[in-house]
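Here the structure is laid out as structure tokens; the discussion comes afterwards.
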Ligand SMILES: Cc1cc2nc3c(=O)[nH]c(=O)nc-3n(C[C@H](O)[C@H](O)[C@H](O)COP(=O)(O)O)c2cc1C
């Protein structure tokens, strides 16, 4: 029996951000991705997450900031390295930044709120794939720098960037990678 949703889940593959080219998701595709992203399991209905959409102007602004921060911290960085940092958020047609905004303290444990954010990121990848696009979920160093999250406007003490989701069209179909053998990771508890 064929099932379109299962086919999607069984065939999704990340494509390197540098191998994501135009066209990126158009406005209606982005809308569909965002609606899927925000329809995730969410214990307590806390919506402990936020998604930012960065088209080219936003990506350029973020790239400028990363280049500045990098140059400040590594004074002997050369022009090529600084240009690399400027280009980092501009590698793919579209960038979505997903930030965790947990309520702490709260009776819903922080871990459960974080898991909901992970589901947001996964749904973004699946919704992109469902519309013929591809993506890559990256963190890299900018996800862990308080300066970067502040620059993006996330001032909460517990706010964390959990993903830079790069989206676009795959330059070429990705090769499959080895997947876990089910028996290695699944068992029946009797
Ligand atoms: C939270 C999270 C952060 C990630 N960050 C990076 C990263 O910074 N660099 C990287 O090469 N892959 C990163 N990955 C892995 C890729 O997104 C991707 O899952 C991996 O290359 C396997 O490809 P697949 O999605 O086709 O299985 C991250 C994955 C997750 C879940």
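Taking the condition of being in a loop (DSSP other than H, G, I, E, B) and either buried (at least 18 other Cβ atoms within 10 Å of the Cβ) or touching a residue at least 12 places away in the same chain (Cβ under 8 Å) (or both), how many residues in the range 107-118 meet it? Don't jump to the end; show me each part of the working.
Of the residues in the range 107-118, the ones in a loop (DSSP other than H, G, I, E, B) are 107-109.
Okay, now just the ones that are also either buried (at least 18 other Cβ atoms within 10 Å of the Cβ) or touching a residue at least 12 places away in the same chain (Cβ under 8 Å) (or both), so 107-108.
Residues that pass the stated criteria total 2.
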Being part of a helix (DSSP H, G or I), modelled with pLDDT of 95 or more and in contact with a helix residue (DSSP H, G or I) (Cβ under 9 Å, 6 or more places away or on another chain) narrows 126, 104 down to just 126
State all residues of the range 134-150 that are touching a helix residue (DSSP H, G or I) at 6+ places or on another chain (Cβ under 8 Å) and either more than 14 Å from the ligand (Cβ to nearest atom) or modelled with pLDDT under 95 (or both); if no residue qualifies, say none.
-> 147
Only unsatisfied item for residue 177, checking (1) in contact (Cβ under 8 Å) with a residue 60 or more places away in the chain; (2) out of contact with any helix residue (DSSP H, G or I) (no Cβ under 7 Å at 6 or more places or on another chain); (3) surrounded by 14 or more Cβ atoms within 10 Å (Cβ to Cβ), is (3)
Would you check which residues across the range 131-148 are surrounded by fewer than 20 Cβ atoms within 10 Å (Cβ to Cβ), outside any loop (DSSP other than H, G, I, E, B) and either touching a strand residue (DSSP E or B) at 6+ places or on another chain (Cβ under 6 Å) or on the phi > 0 side of the Ramachandran plot (or both) and list them?
-> 137, 138, 143
Within the range 1-51, tally of residues that are within 16 Å of the ligand (Cβ to nearest atom) and loosely packed, with under 15 Cβ neighbours inside 10 Å | 6
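The values are calculated or read from the model by the stated rules, or taken from the named source; none is laboratory data. On a predicted model such as this, the values are computed, not experimentally measured, just so you know. FYI the Cβ positions are ideal-geometry reconstructions off the backbone, even for glycines, and counts take in every protein chain you see.
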